[in-house]
Amino acid sequence: MGIQVKNLVKEFDNKKVIDDISFSVNDGEILAIVGFSGSGKSTVLKLISGLLTQDSGEIITTGDIAMVFQYSALFDSLNVFDNISFALVERKDLRKKYTQTDLERVVKEKLELVGLSGIEDKFPSELSGGMQKRVSFARAIVTEPQIILYDEPTAGLDPISSTLIEDYIVRLKKETNAASIVVTHQMSTIKRTADKVIMLYNGKIVFAGTPEELQREETPYTKQFVNASLDGPMKMFAE
Amino acid sequence: MERFYFKNTFSYKILLVLQEYLTVFLTTLGQIVIMMGRVFKRIIKLDVDIKELIYQCARFGVSSLPITLSIVGMSSIIVATQVAGEMIKQGGGNYVGMFVSLLLVREEAVIMSGFAIIYMIGSSLASEIATMKVTDQINAMRVLKVDPIRYLFVPRILSGIIMMPLVVIVATLFGIIGGAVSSNLSSGLSYRAFFDSVWFGLYVRDMYISIFKAAVFGFVIALISCTAGYYASGGAKGVGDATTKAVVWSFIAIVFIDMIFAIAFFF
């Protein structure tokens, strides 16, 4: 059982950013969390990853959690090899378990998995946005996590790089059998990667279903989201 | 008759501004104290990343030595050039070396090195850590279950404690030599007369205090700078604000600590 979220609530300055939401993601499944900017999508990921603490509710996870950040968040003072092997070298429970040969093998393996062999010596500033994103995928999966969280993985990328990243998200799901959550507002990412979708608005779930159901536009919320319309129940600057 | 409302007065507005400054001051002080506790906890447990510590020590030395030597050397030349001639005229030529070395060991080398290190190291530490904070690199570290205090703070702060005294020792020696050369060139004072009086007036206690003060300065500059960076928020402006805060707070802190040392040891 990958991720179970029950009655999650998070407030900032007395305003409920996440308001009593519940959902679950099974192993080998990808959940897309969609919604307009400021709807609380990234906050959900930060709560699951432990970067934030919930005010109430329960988050049950199994195994290691990895997160791919919106702008990759690669350590810019370290090269690709050191970025990917970072957790294996620095994490308390993993330190000294890996020899240099082990590290070289693991890094090579993970880079091959994201289609980037032979760039171990390069620094993040020498890589394109798409390559940085893929290196951050490799870094995320180095500890063999059972849960992978993606925060807007295709934001700021060109359409072809986005497609490539979407393919790698699906590939990583198959290779690792991890429970994954993809926060996005791009329809292409939802269609190509997700098994199921939830839509957040003002911290509440206003739609839960499959990508196909989302596209059927059966509720005012899904209709407005799919058509990217200003008219509908969701107001961008709601009071 | 119009009613008097204190809230509408200029005095109230001034009080509000003071309250805001006081809140920022106390918040920052609290952040520094909390960070100091976290860092000490790891140092006491000897939970130190040795590889990173060696790298940070090398970085501290290489970055700070040229500017520290330049500033301390030049200030020593400035003082010795102006003082040597006058002292010789008043019959105190045998005390020039003592005066210059005492000034350097007790005060000038440490405080000038402190200023140079705030510029070179403090600002660099604050902007580096602030950039890591606003670009989610520190969050990435936390998700990877790597302790950012152990990896980022402890080596940087320990490098301040270890390297600052070494930099100050080298800068002091450089300053004394600079003073001797400038006294000789400007006033014809012999090197022998200069260095004889150095040994005559300098106490071992002064050197110990200087080294201890340098270690405290190194610790305080690194701690304040790292803390300012760690609490940065809001993109490029946040990085700039954190760097300014690190420089201003470090300046005030080392001058304040210097005063405490002067009162404690020489009052």
**OP:** From B:Thr227, B:Thr244, B:Thr172, grab the single residue that is farther than 18 Å from B:Gly61 by Cα, within 18 Å of the chain's Cα centre (by Cα) and either without any contact (Cβ under 8 Å) to a residue 12 or more places away in the chain or open to solvent by 10 Å² or more (accessible area, probe 1.4 Å) (or both).
**Re:** B:Thr244
**OP:** Would you mention how many residues in region A:107-125 are within 14 Å of chain B (Cβ to nearest Cβ) and either open to solvent by 40 Å² or more (accessible area, probe 1.4 Å) or β-branched (Val, Ile, Thr) (or both)?
**Re:** 2
Subject >> Whichever residue in region A:77-106 is of a type in the set (Val, Ile, Thr) and within 23 Å of B:Val48 (Cβ to Cβ) and, among such residues, is most open to solvent (accessible area, probe 1.4 Å) >> reply: A:Thr99
**OP:** Looking only at region B:58-86, count how many residues are more than 17 Å from the chain's Cα centre (by Cα), without any contact (Cβ under 8 Å) to a residue 40 or more places away in the chain and open to solvent by 90 Å² or more (accessible area, probe 1.4 Å).
**Re:** 3
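Taking the options B:Met207, B:Met259, name whichever one is within 24 Å of B:Met74 (Cα to Cα), without any contact (Cβ under 8 Å) to a residue 24 or more places away in the chain and under 21 Å from the mean Cα position of the chain (by Cα).
Matching residue, one of B:Met207, B:Met259: B:Met259.
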Original post:
What number of residues within region B:142-153 are of a type in the set (D, E, K, R) and either in contact with a Leu (Cβ under 8 Å, 6 or more places away or on another chain) or more than 10 Å from chain A (Cβ to nearest Cβ) (or both)?
Top reply: 1
Subject >> Residues (away from every other protein chain (no Cβ under 14 Å), surrounded by fewer than 24 Cβ atoms within 10 Å (Cβ to Cβ) and hydroxyl-bearing (Ser, Thr, Tyr)) located in region B:109-141 >> reply: B:Tyr119, B:Ser123
Original post:
Is it the case that some residue within region A:72-86 is under 27 Å from A:Glu11 (Cα atoms), among the polar types (S, T, N, Q) and free of Cβ contacts under 8 Å to residues at least 40 places away in the same chain?
Top reply: no
Original post:
Within the set of pairs 6+ apart or on separate chains, which have a first residue in region A:149-163 that is within 14 Å of A:Ile30 (Cβ to Cβ) and in a strand (DSSP E or B), a second that is open to solvent by 20 Å² or more (accessible area, probe 1.4 Å) and of a type in the set (A, V, I, L, M, F, W, C), and C-beta atoms under 9 Å apart?
Top reply: A:Leu149/A:Ile65
Original post:
If you go through region B:159-167 one residue at a time, do you hit one that is open to solvent by 10 Å² or more (accessible area, probe 1.4 Å), over 30 Å from B:Gly93 (Cβ atoms), in contact with a helix residue (DSSP H, G or I) (Cβ under 6 Å, 6 or more places away or on another chain) and not in a helix (DSSP H, G or I)?
Top reply: no
Original post:
Can we say B:Lys89 is of a type outside the set (Asp, Glu), within 14 Å of another protein chain (Cβ to nearest Cβ) and open to solvent by 50 Å² or more (accessible area, probe 1.4 Å)?
Top reply: no
Original post:
If B:Tyr55 passes every condition in (1) open to solvent by less than 70 Å² (accessible area, probe 1.4 Å); (2) at pLDDT 90 or above; (3) in contact with a helix residue (DSSP H, G or I) (Cβ under 8 Å, 6 or more places away or on another chain) but one, which one does it miss?
Top reply: (1)
**OP:** Kindly indicate the residue of region A:80-102 that is at pLDDT 95 or above and away from every other protein chain (no Cβ under 14 Å) and also nearest to A:Ser128 (Cα to Cα) among those meeting that condition.
**Re:** A:Val80
Original post:
Looking at A:Ser161, is it modelled with pLDDT under 90, open to solvent by 60 Å² or more (accessible area, probe 1.4 Å) and in contact with a helix residue (DSSP H, G or I) (Cβ under 6 Å, 6 or more places away or on another chain)?
Top reply: no
Subject >> Number of the condition not met by A:Ser128 [criteria: (1) under 14 Å from A:Leu74 (Cβ atoms); (2) under 15 Å from the mean Cα position of the chain (by Cα); (3) surrounded by fewer than 20 Cβ atoms within 10 Å (Cβ to Cβ)] >> reply: (2)
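Just checking, does region A:41-50 include any residue being on the phi > 0 side of the Ramachandran plot, at the interface with another protein chain (Cβ under 10 Å from one of its Cβ atoms), surrounded by fewer than 16 Cβ atoms within 10 Å (Cβ to Cβ) and outside any helix (DSSP H, G or I)? Full working, then the answer.
Within region A:41-50, the first condition is being on the phi > 0 side of the Ramachandran plot, and the residues that meet it are A:50.
With the extra rule that they be at the interface with another protein chain (Cβ under 10 Å from one of its Cβ atoms), the set shrinks to A:50.
Now narrow it down to the ones that are surrounded by fewer than 16 Cβ atoms within 10 Å (Cβ to Cβ): A:50.
Now drop any that are not outside any helix (DSSP H, G or I), which leaves A:50.
Looking for residues that are on the phi > 0 side of the Ramachandran plot, at the interface with another protein chain (Cβ under 10 Å from one of its Cβ atoms), surrounded by fewer than 16 Cβ atoms within 10 Å (Cβ to Cβ) and outside any helix (DSSP H, G or I), one finds at least one in region A:41-50, hence yes.
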Subject >> Test for B:Lys213: is it in a helix (DSSP H, G or I), basic (Lys, Arg), open to solvent by less than 30 Å² (accessible area, probe 1.4 Å) and out of contact with any Leu (no Cβ under 7 Å at 6 or more places or on another chain) >> reply: yes
Original post:
Would you pick out the residues in region B:230-241 that are open to solvent by 30 Å² or more (accessible area, probe 1.4 Å) and at negative phi?
Top reply: B:Tyr230, B:Tyr231, B:Ser233, B:Ala236, B:Lys237, B:Gly240, B:Asp241
Original post:
Out of curiosity, is B:Gly97 at pLDDT below 95, surrounded by fewer than 24 Cβ atoms within 10 Å (Cβ to Cβ) and more than 14 Å from chain A (Cβ to nearest Cβ)?
Top reply: no
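If you scan region A:63-76, which residues turn out to be in contact with an Asp or Glu (Cβ under 8 Å, 6 or more places away or on another chain) and either open to solvent by 30 Å² or more (accessible area, probe 1.4 Å) or more than 7 Å from chain B (Cβ to nearest Cβ) (or both)?
So in region A:63-76, the residues in contact with an Asp or Glu (Cβ under 8 Å, 6 or more places away or on another chain) come out as A:64, A:67-71, A:73, A:75.
If the condition is that a residue be in contact with an Asp or Glu (Cβ under 8 Å, 6 or more places away or on another chain) and either open to solvent by 30 Å² or more (accessible area, probe 1.4 Å) or more than 7 Å from chain B (Cβ to nearest Cβ) (or both), then A:Asp64, A:Val68, A:Gln70, A:Tyr71 are the ones that fit.
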**OP:** Give the residues of region A:131-148 that are β-branched (Val, Ile, Thr), open to solvent by less than 20 Å² (accessible area, probe 1.4 Å) and assigned to a helix (DSSP H, G or I), sorted by residue number.
**Re:** A:Val135, A:Ile141, A:Val142
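Regarding region A:183-198, can at least one residue be identified that is within 14 Å of chain B (Cβ to nearest Cβ) and closer than 22 Å to A:Ala87 by Cα?
Step one: of region A:183-198, the residues within 14 Å of chain B (Cβ to nearest Cβ) are A:183.
Checking the rest, the ones that are also closer than 22 Å to A:Ala87 by Cα come to none.
The answer is no; no qualifying residue exists.
The values are calculated or read from the model by the stated rules, or taken from the named source; none is laboratory data. Keep in mind that this is a model prediction, so the values were computed, not measured. For neighbour counting, all protein chains shown are included, and Cβ atoms are generated from backbone atoms with ideal geometry for every residue, glycine included. For accessibility, only protein heavy atoms count, side chains too; no ligands or nucleic acids. Shrake-Rupley method; radii C 1.70, N 1.55, O 1.52, S 1.80 Å.
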